[in-house]
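Student: Structure in structure tokens, see below.
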Amino acid sequence: MRNVNQSAVTEFILLGFAPNARTNPLLFTFFLVFYLLILVSNSLLVTLIHQDARLHTPMYFFISVLSMLDVCYTTTTVPQMLVHLLSRKRAISFARCAAQMYIFLLFGVTESWLFSIMSVDRYMAICQPLRYKAIMSHWVCLALVGICVAYGVVGGLCYTFFAMRLPYCGPNEIDHYFCEVPAVLKLACADTSLNDLVDFITGFNVIVVPLSLVIIVYANIFVAVMKIRSAQGRIKAFSTCASHITVVTMFAIPCIIMYMSPGSDSLSNSGKKMALFYNIATAFLNPVIYSLRNKDVKKAFLKLLGWGRAPE
């Protein structure tokens with residue numbers, strides 16, 4: 001017992017990507033550009049929604065919350081990754097690792113449940129248009145976001161508590177660019193079967209359940225839309241859902257693979273790539289997908305620039 005205490009890990013080494021003096025500056029530039037684009041695009045979308053009265057609807061409120069979550073989500077990991085790409089020392093203390101893990105999961109789980117709430121919002125808008133504004137009031141929207149945050153707090157705490165309570169006595173090199181649960185668990189000096197069970201149950205509740213809710217809601221939306229007689233009306237209804245379905249798919253599938261099978265060694269090489277996808281790629285694509293074909297957002301942007309109305 002004394003030997004274990006003496007060799008207890010006080011810090012971890014984040015291996016990140018393969019250290020290479022030639023490629024690291026290129027990777028740094030690539031990820032820096034992506035990170036700045038994430039900050040600018042999501043911040044701009046939040047500003048447009050806040051300032052333009054035409055965007056003060058439940059749908060855009062949830063989109064603004066999603067954008068803020070994306071900024072926080074990526075800021076938890078990317079700045080540290082950028083520093084490590086240009087630094088020889090890639091150490092992170094045990095306490096900072098636990099904090100990063102929890103904050104990352106808090107925002108991630110919150111975003112996962114927010115996607116399900118956004119699907120319910122689309123259902124109410126399409127299937128209950130006359131009662132939509134009355135049901136989806138401002139206070140109801142705030143309460144729904146509060147529920148998502150509560151799931152994030154509890155879900156993140158479950159993952160982090162059961163992962164960081166394990167003994168870590170070496171080695172201390174994490175094959176990842178941040179402290180993600182599956183990568184950290186590989187270094188534990190104890191049986192992780194209980195963690196695998198807890199993570200599976202937690203992942204089922206914070207990933208599979210909201211994703212299943214999204215599928216059920218959109219199945220009902222599909223049935224309702226097919227009853228619309230006008231072909232143009234059906235296309236318009238489907239187009240309002242296509243963006244959300246695309247974003248949910250990009251986010252949920254990699255998360256399920258990573259967090260529903262944390263004990264699998266087969267994911268050690270691809271784990272970092274999948275993390276990049278749902279940590280960086282989705283945060284970059286979310287504002288693009290939600291605003292690229294959105295006339296209201298284009299009008300708000302041109303109004304912000306003082307260029308008048310956008311062409312119809």
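The rows are residues; the columns are (1) of a type in the set (A, V, I, L, M); (2) closer than 30 Å to ASN205 by Cβ; (3) open to solvent by 30 Å² or more (accessible area, probe 1.4 Å); (4) in contact with a Pro (Cβ under 8 Å, 6 or more places away or on another chain).
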site	(1), (2), (3), (4)
PHE12	no, yes, no, no
PHE31	no, no, no, no
SER43	no, no, yes, no
GLN51	no, no, yes, no
CYS72	no, yes, yes, no
CYS97	no, yes, no, no
GLU111	no, yes, no, no
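Student: Could you list, in sequence order, all residues of the range 190-228 that are of a type in the set (S, T, N, Q) and either open to solvent by less than 20 Å² (accessible area, probe 1.4 Å) or under 23 Å from the mean Cα position of the chain (by Cα) (or both)?
Tutor: If the condition is that a residue be of a type in the set (S, T, N, Q) and either open to solvent by less than 20 Å² (accessible area, probe 1.4 Å) or under 23 Å from the mean Cα position of the chain (by Cα) (or both), then ASN195, THR202, ASN205, SER212 are the ones that fit.
Student: Quick one: is ARG131 buried (at least 19 other Cβ atoms within 10 Å of the Cβ), at pLDDT below 90 and among the charged types (D, E, K, R)?
Tutor: No, not satisfied.
Student: Give, as residue ranges, the helices (runs of 4 or more DSSP H) completely inside the range 54-159 that count at least 2 residues that are over 23 Å from the mean Cα position of the chain (by Cα) and not basic (Lys, Arg).
Tutor: Qualifying helices (runs of 4 or more DSSP H): 94-127, 132-135.
Student: Follow-up. Could you check TYR168 against (1) over 30 Å from PRO25 (Cα atoms); (2) open to solvent by less than 30 Å² (accessible area, probe 1.4 Å); (3) assigned to a helix (DSSP H, G or I); (4) in contact (Cβ under 8 Å) with a residue 40 or more places away in the chain and say which number it fails?
Tutor: Exception for TYR168: condition (3).
Student: Under 6 Å by Cβ, and 6 or more places apart or on different chains, what pairs join a residue from the range 202-217 that is farther than 13 Å from ILE245 by Cβ with one that is surrounded by fewer than 16 Cβ atoms within 10 Å (Cβ to Cβ) and of a type in the set (Lys, Arg)?
Tutor: Going by the 6 Å Cβ cut-off, there are no qualifying pairs.
Student: For VAL78, state whether it is open to solvent by 50 Å² or more (accessible area, probe 1.4 Å) and at pLDDT below 95.
Tutor: Spelling it out, it is not the case that VAL78 is open to solvent by 50 Å² or more (accessible area, probe 1.4 Å) and at pLDDT below 95.
Student: While we're looking at this one, here's another question. For CYS179, state whether it is in a helix (DSSP H, G or I), open to solvent by less than 60 Å² (accessible area, probe 1.4 Å), touching a residue at least 40 places away in the same chain (Cβ under 8 Å) and not acidic (Asp, Glu).
Tutor: When the stated conditions are applied, CYS179 does not pass them.
The values are calculated or read from the model by the stated rules, or taken from the named source; none is laboratory data. This structure is a prediction, so every number in the text was calculated from the model and none was measured. With ideal geometry, Cβ positions are generated from the backbone for all residues, glycine too; neighbour counts draw on all protein chains shown. The accessibility values were calculated without ligands, DNA or RNA, using every heavy atom of the protein model including side chains. Shrake-Rupley method; radii C 1.70, N 1.55, O 1.52, S 1.80 Å.
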